[in-house]
Ligand code: DGL
């Protein structure tokens with residue numbers, strides 16, 4: 001078989017694709033804990049992060065609502081020309097990942113499977129606890145993801161209504177949070193898991209408190225590092241990773257107040273957070289409901 005060297009045009013298209021940013025979205029600022037890990041793992045990549053702060057929290061939302069929100073934001077980011085999309089929200093991944101993967105040709109990475117994989121690899125006795133929002137627990141995504149990796153593992157889920165909002169509201173050392181953590185970890189601890197997944201973007205911010213209440217014998221899993229590893233692997237596999245010599249940038253969109261996003265977000269990202277732009281919910285809705293013409297040809 002004769003193989004032809006890529007034409008100049010094909011090589012230029014590939015270079016342009018590699019130079020595009022990675023899109024990432026979450027219900028608000030929690031996904032910045034995932035972005036933080038991605039910035040460390042992929043310092044040469046550019047990132048565009050979208051926080052749906054006006055509609056936070058996603059935890060009490062129905063699966064249909066979450067699928068709609070995810071579709072709107074994925075359309076916004078896809079139109080802006082991202083080369084890969086990360087659904088950096090457990091509730092949105094649980095409700096919408098398969099539907100998004102069906103709709104978009106852009107590669108899409110969710111956050112449930114990487115967490116499940118890290119837990120299965122870490123667990124010694126196959127008793128895996130999951131702390132997550134009520135939407136994530138109701139979807140059954142973790143149960144399915146863990147069963148697909150280890151049919152013999154037992155999954156013990158604990159919904160933590162309101163916990164993400166407490167963490168986002170500010171004082172992560174408040175007595176309110178200690179009480180909530182005590183209330184949510186007690187029933188989980190009784191079932192004796194050997195591994196517990198922090199299945200919500202906000203929970204890594206209170207990891208020491210969770211560890212104290214679960215006990216030293218429990219291994220607490222933060223899926224963020226495994227998510228970043230998976231994103232890097234998809235980029236490399238598809239040969240769309242950026243030039244390793246450069247230093248990447250990052251910028252933000254949010255649906256709520258820009259100043260609030262900036263100040264609360266910096267705490268989650270633990271890096272400076274300057275370039276933030278607001279997107280109106282009506283314009284997001286129009287992308288899906290209205291007569292939508294993509295901003296860029298596909
Ligand atoms: N990003 C959401 C999640 O991981 C945070 C919680 C929420 O929006 O209710 O599920």
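Taking the residues in region 33-52 that are modelled with pLDDT of 95 or more and near the ligand (Cβ under 10 Å from one of its atoms) as candidates, determine which candidate is farthest from residue 223 (Cα to Cα).
Per the stated criteria, the residue is 52.
Only one residue in 142, 125 is farther than 15 Å from residue 30 by Cα, away from the ligand (no atom under 11 Å from the Cβ), loosely packed, with under 15 Cβ neighbours inside 10 Å and touching a residue at least 40 places away in the same chain (Cβ under 8 Å), so which one is that?
125
Just give me the residues in region 258-298 being within 17 Å of residue 68 (Cα to Cα), exposed (fewer than 12 other Cβ atoms within 10 Å of the Cβ) and modelled with pLDDT of 90 or more, in sequence order. Quick ask: steps written out before the conclusion?
Here is the first cut: in region 258-298, the ones within 17 Å of residue 68 (Cα to Cα) are 279-292.
Of the ones still in play, those that are also exposed (fewer than 12 other Cβ atoms within 10 Å of the Cβ) are 280, 282, 289-292.
Passing the criteria: 280, 282.
Scan 32, 68, 17, 85 and give me the residue that is farther than 16 Å from residue 287 by Cβ and in contact with a helix residue (DSSP H, G or I) (Cβ under 8 Å, 6 or more places away or on another chain). Outline the logic, then answer.
On the way: 68 fails: farther than 16 Å from residue 287 by Cβ; 17 fails: in contact with a helix residue (DSSP H, G or I) (Cβ under 8 Å, 6 or more places away or on another chain); 85 fails: farther than 16 Å from residue 287 by Cβ.
Every option except 32 fails the conditions.
For a quick check of your reading of the model, give me the residue pairs whose first member lies in region 43-66 and is over 17 Å from residue 88 (Cβ atoms), whose second is modelled with pLDDT of 95 or more and within 12 Å of the ligand (Cβ to nearest atom), with beta-carbon atoms closer than 6 Å and at least 6 apart or on different chains.
Going by the 6 Å Cβ cut-off, the qualifying pairs are 63/95.
With respect to the numbered conditions (1) crowded, with 20+ Cβ neighbours inside 10 Å; (2) in a helix (DSSP H, G or I), which one is the sole condition not fulfilled by residue 23?
Residue 23 satisfies every listed condition except (2).
Check whether at least one residue in region 217-238 is in contact with a helix residue (DSSP H, G or I) (Cβ under 9 Å, 6 or more places away or on another chain), surrounded by fewer than 17 Cβ atoms within 10 Å (Cβ to Cβ) and over 28 Å from residue 119 (Cα atoms), and report yes or no.
no
Return the only residue of 205, 188 being outside any strand (DSSP E or B), surrounded by fewer than 22 Cβ atoms within 10 Å (Cβ to Cβ) and at pLDDT below 95. Break it down stepwise before answering.
Numbers: 188 fails: at pLDDT below 95.
When all the criteria are applied, what remains is 205.
Within region 239-257, track down each residue that is exposed (fewer than 15 other Cβ atoms within 10 Å of the Cβ) and outside any loop (DSSP other than H, G, I, E, B).
Initially, region 239-257 is screened for residues exposed (fewer than 15 other Cβ atoms within 10 Å of the Cβ), giving 239, 243-247, 249, 251, 257.
Within region 239-257, 251 is the sole residue that qualifies.
Considering 75, 106, 93, which residue is within 14 Å of the ligand (Cβ to nearest atom) and modelled with pLDDT of 95 or more?
Values: 75 fails: within 14 Å of the ligand (Cβ to nearest atom); 106 fails: within 14 Å of the ligand (Cβ to nearest atom).
93 is the lone residue from the list that is within 14 Å of the ligand (Cβ to nearest atom) and modelled with pLDDT of 95 or more.
Taking into account only those residues within region 128-139 that are over 15 Å from residue 66 (Cα atoms) and within 12 Å of the ligand (Cβ to nearest atom), which is surrounded by the most Cβ atoms within 10 Å (Cβ to Cβ)?
For region 128-139, the residue satisfying everything is 130.
Given the condition within 22 Å of residue 114 (Cα to Cα) and out of contact with any strand residue (DSSP E or B) (no Cβ under 7 Å at 6 or more places or on another chain), answer yes or no: does some residue in region 20-27 qualify? Steps first, answer last, please.
Let us first name the residues in region 20-27 that are within 22 Å of residue 114 (Cα to Cα), namely 21-27.
From what's left, out of contact with any strand residue (DSSP E or B) (no Cβ under 7 Å at 6 or more places or on another chain): 27.
Yes - at least one qualifying residue is present in region 20-27.
The values are calculated or read from the model by the stated rules, or taken from the named source; none is laboratory data. Worth saying up front: this structure is predicted, and the values here are computed from it rather than measured. Methodologically, a virtual Cβ is constructed for each residue, glycine included, from the backbone with ideal geometry; neighbour enumeration extends over all protein chains shown.
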